[in-house]
Amino acid sequence: MIHIQSILNAILSKDIFEYILVDKTLNIVNISSGLDKYIDKMPQAGDDVLEILPELVGSEKEIQAIFLNKSLNYILETVYKNEYYINISIEYYNKDMVLVLLHNISDITLSKQKLLQYSNESVLLNTTLQKILDNQNALLFVTNNNEISYTNEQFMQYFEMKIIADVRRKDLKIYDYLDSNLKSYDALFERVNSKEEYVTINKDTFILQATWIETTHKLFTLTKVTKLTNEMQTDTLTGAYKKSYFNTHLKRMIQNKEEGVLVVLDLDNFKNVNDTYGHQVGDDVLREFATLIQKNIRGDDVFARWGGEEFLLLLQHTNIDNAMKKIESLRDVVSTHTFIHIGHMSSSFGVAKKEESDDMHSLLQRADKALYEAKDAGKNQVIFKKI
Amino acid sequence: MIRKKILLLGDFSVGKTSLVRRYVDGAFDDKYLTTIGVKISKKLLTINGIECELLIWDVEGSTPSKKISLGYYRGASGAILVSDITRRDTVKGLEEHKTIFLNENPDSEFVIAYNKSDALSDIAKENIKLDEDTFLTSAKDDSNVEALFLRLMEKMLA
């Protein structure tokens, strides 16, 4: 026992360990003098060790077992006590006592804590940023060598994918949706950078934007045209698009040299409706007419109100023969329809096919002239005007 | 007097230390300081006429790279499994904490705290499924903290 005590004293002189000797009733027999730095009130011989070290509550059986077996020990690591971090270990001392050692590990633990704090804060920040990114519009990061390096959750959900490898496996190319002539994300970026483009994907309209992220990545943002945006682009009376929205599609078709047909259409003798039945009925008729047209065109055709009873229709990605069949069927649908307040009405259509030399103005002018010719020819007509 | 050891278990930064601080000291500080190791607090209380000393083990949170030392679980009569209701992964993680705790202490009781409820709207709170052992808590606005500890004590003394 003297031998152990001298070893203990040697260790304790380095101020690393403090000790408590405890008997089988878990009462204190002896303590080292420096114990008070861990415990507010200095314990006395005979005190219950569980009062002094409540950390040992629940481990009474394990401690009792040490009295019976020299090779057993009990260790409780990294306990914060009175502004110190300590390890508590219990070892056999003799058949009547066990030795409780309190090892000051504050220095090393505080270093660990700094690292852990930094690491945990980084994880929290990363999680927060991830949440923010996932709640944005669909995002796509592309590297300088045209490889997709990141897509957010909105993007993955829309395209029904789970991991980024799916994007590569399915060979998804966003630029194909905008213009089949584009061959890479570099080309898409050149086209979209510093402006907006409307792109239709699976019958949904998105605003596509692009920007640099450092010099190594390009970020493409796809903003789905929401109900609110739709409302901003829609004529409140008829539900047809506004001319401004129509113009973006018309402009794009011309810029991209896509095939398409422009139609200017109106209701024949509409002024008489207003004069005879009043403007309220006139509004109802316009609404009914617009609904009728919308129901009978394709999802990617663009139908807009130009003003008064005049409307515009853009039939994209179609040739003139198919377009004429469609327009003739629209004329027929209108003329055979029974309008709620006034019965039958007819409509006239001026048609122009987009040619290579056309700009927005020339194409609109030709279709408008064709409409006048349809009126002059007796109304309820479809007139196609060549260049 | 009865002595009971209980653990607060959960992922890192879910608010375990804040719950203990609110319950024991009636205080709150929203600065995040990660816990390392374990810190034990005492609380004396009387339940149904029985005097109890509650030894509350505020155990360090598990992190993706660091699991909790099993030595801390020894001899616990109960546990409060804590998650941050604004972090879905910490709610999912409760199941693992429960499994480990019950493996080490099969006859023990536990309750669940969906903490940081102050960050939720009233509508969001209404949509969260609770029961008599699951509480929406906030150490920040002192919501359900007392009830959480009390419920665990009642279960342990039953």
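The values are calculated or read from the model by the stated rules, or taken from the named source; none is laboratory data. In this text the structure is predicted, and so the values were computed from the model without any measurement. Glycine also receives a Cβ, built like all others from the backbone with ideal geometry; neighbour counts cover every protein chain displayed.
Considering each of A:291, A:338, A:276 in turn, give the residue that is among the hydroxyl-bearing types (Ser, Thr, Tyr), over 22 Å from residue A:368 (Cβ atoms) and either surrounded by 13 or more Cβ atoms within 10 Å (Cβ to Cβ) or touching a helix residue (DSSP H, G or I) at 6+ places or on another chain (Cβ under 9 Å) (or both).
Sole residue among the options that is among the hydroxyl-bearing types (Ser, Thr, Tyr), over 22 Å from residue A:368 (Cβ atoms) and either surrounded by 13 or more Cβ atoms within 10 Å (Cβ to Cβ) or touching a helix residue (DSSP H, G or I) at 6+ places or on another chain (Cβ under 9 Å) (or both): A:291.
Considered as a group, the residues in the stretch B:56-70 that are more than 12 Å from residue B:7 (Cα to Cα) and small (Gly, Ala, Ser) include one that is nearest to the other protein chains (Cβ to nearest Cβ), and that residue is B:69. With respect to (1) within 19 Å of residue A:302 (Cβ to Cβ); (2) at pLDDT 85 or above; (3) more than 22 Å from the chain's Cα centre (by Cα), the lone exception for residue A:207 is condition (3). Looking at this structure, is residue B:13 crowded, with 19+ Cβ neighbours inside 10 Å and part of a loop (DSSP other than H, G, I, E, B)? Considered against the rule, which asks whether it is crowded, with 19+ Cβ neighbours inside 10 Å and part of a loop (DSSP other than H, G, I, E, B), residue B:13 comes out as yes. The set of residues in the stretch A:134-154 being touching a residue at least 40 places away in the same chain (Cβ under 8 Å) and closer than 15 Å to residue A:188 by Cβ consists of A:138, A:139, A:140, A:141, A:142, A:143, A:144, A:146. Determine whether residue A:102 is more than 10 Å from chain B (Cβ to nearest Cβ) and not in a helix (DSSP H, G or I). Yes; evaluated as a whole, the condition is true for this residue.
Within the stretch A:244-284, count every residue that is of a type in the set (D, E, K, R) and not in a helix (DSSP H, G or I). I'd like the intermediate steps shown before the answer.
Taking the stretch A:244-284 first, the residues of a type in the set (D, E, K, R) are A:251-252, A:257-259, A:266, A:268, A:271, A:275, A:283-284.
Narrowing further to those that are not in a helix (DSSP H, G or I): A:257-259, A:266, A:268.
Matching residues across the stretch A:244-284 total 5.
Look at residue A:326 and say whether it is within 20 Å of residue A:240 (Cβ to Cβ), surrounded by fewer than 16 Cβ atoms within 10 Å (Cβ to Cβ) and within 43 Å of the chain's Cα centre (by Cα). Taking the combined requirement at face value, the residue does not satisfy it. Looking across the stretch A:45-99 at every residue that is small (Gly, Ala, Ser), farther than 19 Å from residue B:54 by Cα and not in a strand (DSSP E or B), the one that is nearest to the other protein chains (Cβ to nearest Cβ) is identified as A:65. Pairs meeting the criteria (first residue in the stretch A:325-343 and within 14 Å of residue A:294 (Cβ to Cβ), second residue of a type in the set (Phe, Trp, Tyr), beta carbons under 7 Å, at least 6 apart or on different chains) are A:334/A:289. Looking only at the stretch A:299-311, residues that are over 17 Å from residue A:351 (Cα atoms) and under 31 Å from the mean Cα position of the chain (by Cα) come to 2 in all. For the subset of the stretch B:22-37 comprising residues that are among the hydrophobic types (A, V, I, L, M, F, W, C) and within 23 Å of residue B:151 (Cβ to Cβ), which member is nearest to the other protein chains (Cβ to nearest Cβ)? Among those that are among the hydrophobic types (A, V, I, L, M, F, W, C) and within 23 Å of residue B:151 (Cβ to Cβ), it is B:24. Look at the stretch B:87-108: where a residue is within 13 Å of residue B:11 (Cβ to Cβ) and a partner is assigned to a helix (DSSP H, G or I), sitting 6+ places away or on another chain with Cβ atoms under 8 Å, you get B:87/A:127; B:89/A:127; B:100/B:70; B:100/B:73.
Restricting B:33, B:8, B:45 to residues that are within 30 Å of residue A:103 (Cβ to Cβ) and touching a residue at least 24 places away in the same chain (Cβ under 8 Å) narrows the list to B:8. I'm trying to understand the selection: among the residues of the stretch B:1-43, which are among the small types (Gly, Ala, Ser), touching a Ser or Thr at 6+ places or on another chain (Cβ under 9 Å) and over 18 Å from residue B:144 (Cβ atoms)? Once the filter is applied, which keeps residues that are among the small types (Gly, Ala, Ser), touching a Ser or Thr at 6+ places or on another chain (Cβ under 9 Å) and over 18 Å from residue B:144 (Cβ atoms), the stretch B:1-43 yields B:13, B:37.
A single entry from A:91, A:121 fulfils the requirement of being in contact with a strand residue (DSSP E or B) (Cβ under 9 Å, 6 or more places away or on another chain) and without any contact (Cβ under 8 Å) to a residue 60 or more places away in the chain: A:91. Is there a residue in the stretch B:41-49 that is of a type outside the set (Val, Ile, Thr), within 12 Å of another protein chain (Cβ to nearest Cβ) and under 11 Å from the mean Cα position of the chain (by Cα)? Checked against the condition, which is being of a type outside the set (Val, Ile, Thr), within 12 Å of another protein chain (Cβ to nearest Cβ) and under 11 Å from the mean Cα position of the chain (by Cα), the stretch B:41-49 yields no hits at all. Looking across the stretch B:108-124, just one residue is within 13 Å of chain A (Cβ to nearest Cβ) and over 19 Å from residue B:22 (Cβ atoms), and that is B:108.
Does the stretch B:69-82 contain at least one residue that is within 22 Å of residue A:121 (Cα to Cα), among the aliphatic types (A, V, I, L, M) and touching a residue at least 24 places away in the same chain (Cβ under 8 Å)? Yes, the stretch B:69-82 contains a residue that is within 22 Å of residue A:121 (Cα to Cα), among the aliphatic types (A, V, I, L, M) and touching a residue at least 24 places away in the same chain (Cβ under 8 Å).
One line per residue, one yes/no per condition, for (1) over 21 Å from residue A:259 (Cα atoms); (2) not polar (S, T, N, Q):
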{"position": "A:280", "(1), (2)": "yes, no"}
{"position": "A:283", "(1), (2)": "yes, yes"}
{"position": "A:301", "(1), (2)": "no, yes"}
{"position": "A:329", "(1), (2)": "no, no"}
{"position": "A:332", "(1), (2)": "yes, yes"}
{"position": "A:337", "(1), (2)": "yes, yes"}
